[in-house]
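Have a look at the structure below before the remarks.
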Amino acid sequence: MAENHYENPPLTIAKIGVIGAGVSGIAAAKQLYHHNPVVFEASDSIGGVWRTCAYNSTKLQSARKSYEFSDFPWPNRDDPSFPTHVEVVDYLESYAKHFDLLKFVKFNSKVMELRFVGQQGTTELGGNGGAFGSPLQGHPVWQIAVQTNGSQSLQWYAFEFVVVCIGKYGDIPKIPSFPHNKGPEMFQGEVLHSIDYCKLDKDAASQLLKGKKVAVIGYKKSAIDLAVECAEANQGPEGQPCTMVVRTLHWTVPHYSVWGLPFFLFYSTRASQFLHEKPNQSFLRTMLCYLLSPLRRGVSKFIESYLLWKLPLRKYGLKPDHPFEEDYASCQMAIMPENFFTEADKGNIVFKRSSNWWFWKEGIEFDDNTKMKADVVILATGYDGKKKLKTILPDPFRSLIEYHPSGIMPLYRGTIHPLIPNIAFVGYIESAANLHTSELRSMWLARYVDEKFKLPSAENMLEQIYKEMEVSRRITRFYKRHCISTFSINHGDDICEEMGWNSWRKRSWFAEAFSPYGSQDYRLKN
């Protein structure tokens, strides 16, 4: 890689560039405000997936006070209803306007390529290789090629540091692979991915579903919401049932209360997280985790008993074979819409369990040799976030964003890749409250950029990352997601200590032990 060799001279040279103006992007811009970051947003508005990947029925999965910035509470934060995606976008826009962040954002500016023009070692882990110097070196380290307003020409920018906030969802759909001559091309009906459905207005979506035999592939939140919308569009005698094709079952919850107890008591307090394994725990803590494992399994069984009582999971063959805690530990838990099973009881939503399926001309064929006719097939099969990154990152970094065999991107504190210099990734680690997760890591990132602390060596950072991955591998079969939900408070403690903050954020030991941790606990007090 040549130093400062520009095939296309950049129009702008600045300190920090931020890619994406979703939740993570505006959180990063707020914390890096004093550096006047340049924020590139491919669409014409902020909000990310809340604007581009939301259905008409999409709502937040958590209470308002669990999804707010530390210095910008919801105006109606005690409202128990889940906000709609429109309310979430309004909240994010209010936040951006309140803190004057929109002045940094270049809308309709799609990042097409990153080019490294620095000198630092990257992939070697000996001597100085992989070691980070000053975050801001006084000269450009990365070039960014940007396509503005769909123009065929590219504008080039150069930055000392880049923050990638394009997230794991949206943009690039994950499409299943099919045997030869058994793919969508064989089907006479319409096939689309959930991201295509998101682009339809309410009337067009209803027209697509109404009176049609629809198959929804998947059983995560997007698939569940799609099935409800399909059922609502097919009311009356002319309506057709929506079939959900389910490969892997996950636990769903109707609300955040279990047998009358608030859900946070089971997983989101220090006392509850003490039952779970965490990275870097002492031998004594390891022994206590082992001795308390019956209690941990008891908590999972307690929640499962409530869900099996509250929801007709057995009736419809939707009871997962794995414990509830494995879904929570992998951030797979979803809130079930109130009318989901009401529509199932009316026959408007039906279920088909199948490990493998493919297309035939009139619909879908399954591995048990049964067939189902369909007019529309919607693939709620997720997104390929790593492919998004690979399209813009240059070699050799492209090959470093996945750690095999887990496939997780190795990020120290969920933010810094130990082998890629002068770049950060915000929004790639999951927890029970992703906005809070992104904001806290943006606070940490801003202090790192300002050299308030130094990073460990690349070897030590990788060692910490692998410890976190190993914890996930031991506690859930769905470990191929960077989820910290069962040790999120410990993760926050480590970040606070690195920033020089007090890691215990509550006013009393009782609150410290038994009240949930959220964004408000990390308001600047120091």
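The values are calculated or read from the model by the stated rules, or taken from the named source; none is laboratory data. Worth saying up front: this structure is predicted, and the values here are computed from it rather than measured. Ideal geometry is used to build each Cβ from the backbone, glycine not excepted, and the neighbour counts take in all protein chains shown. With ligands, DNA and RNA removed, areas are computed over all heavy atoms of the protein, side chains included. Shrake-Rupley method; radii C 1.70, N 1.55, O 1.52, S 1.80 Å.
Tabulated values for the structure
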quantity	calculated
Of residues in the stretch 151-175 being open to solvent by 40 Å² or more (accessible area, probe 1.4 Å), of a type outside the set (Val, Ile, Thr) and under 27 Å from the mean Cα position of the chain (by Cα), the one farthest from ILE26 (Cα to Cα)	LYS174
Residues of the stretch 256-286 satisfying the condition of being over 15 Å from PHE302 (Cα atoms) and in contact (Cβ under 8 Å) with a residue 40 or more places away in the chain	SER268, THR269, ARG270, ALA271, GLN273, HIS276, GLU277, LYS278, PRO279, ASN280
Failed condition for GLY167, given (1) farther than 21 Å from TYR383 by Cβ; (2) assigned to a loop (DSSP other than H, G, I, E, B); (3) not polar (S, T, N, Q)	(1)
Lone qualifier among ARG314, ARG398 - being outside any loop (DSSP other than H, G, I, E, B), in contact with a helix residue (DSSP H, G or I) (Cβ under 9 Å, 6 or more places away or on another chain) and open to solvent by 70 Å² or more (accessible area, probe 1.4 Å)	ARG398
Residues of the stretch 51-86 satisfying the condition of being buried (at least 16 other Cβ atoms within 10 Å of the Cβ) and of a type in the set (A, V, I, L, M)	ALA54, LEU60, ALA63
Search result, residues across the stretch 473-488 that are open to solvent by 10 Å² or more (accessible area, probe 1.4 Å) and touching a Phe, Trp or Tyr at 6+ places or on another chain (Cβ under 8 Å)	ARG473, HIS482, SER488
Pairs, first under 21 Å from SER515 (Cα atoms) and aliphatic (A, V, I, L, M) in the stretch 60-88, second part of a helix (DSSP H, G or I) and open to solvent by 40 Å² or more (accessible area, probe 1.4 Å), C-beta under 6 Å, six or more apart	none
Any hit, the stretch 39-50, residues being crowded, with 24+ Cβ neighbours inside 10 Å, closer than 15 Å to ASP100 by Cβ and either within 19 Å of the chain's Cα centre (by Cα) or aliphatic (A, V, I, L, M) (or both)	yes
Every residue from the stretch 89-105 that is surrounded by 18 or more Cβ atoms within 10 Å (Cβ to Cβ) and either assigned to a strand (DSSP E or B) or free of Cβ contacts under 8 Å to residues at least 40 places away in the same chain (or both)	TYR91, VAL105
Residues that are open to solvent by 20 Å² or more (accessible area, probe 1.4 Å) and farther than 20 Å from VAL253 by Cα, drawn from the stretch 209-232	LYS210, GLY211, LYS212, LYS213, GLU232
Residue list for the stretch 59-83, filter: within 14 Å of LEU440 (Cβ to Cβ), part of a loop (DSSP other than H, G, I, E, B) and not acidic (Asp, Glu)	TYR67, SER70
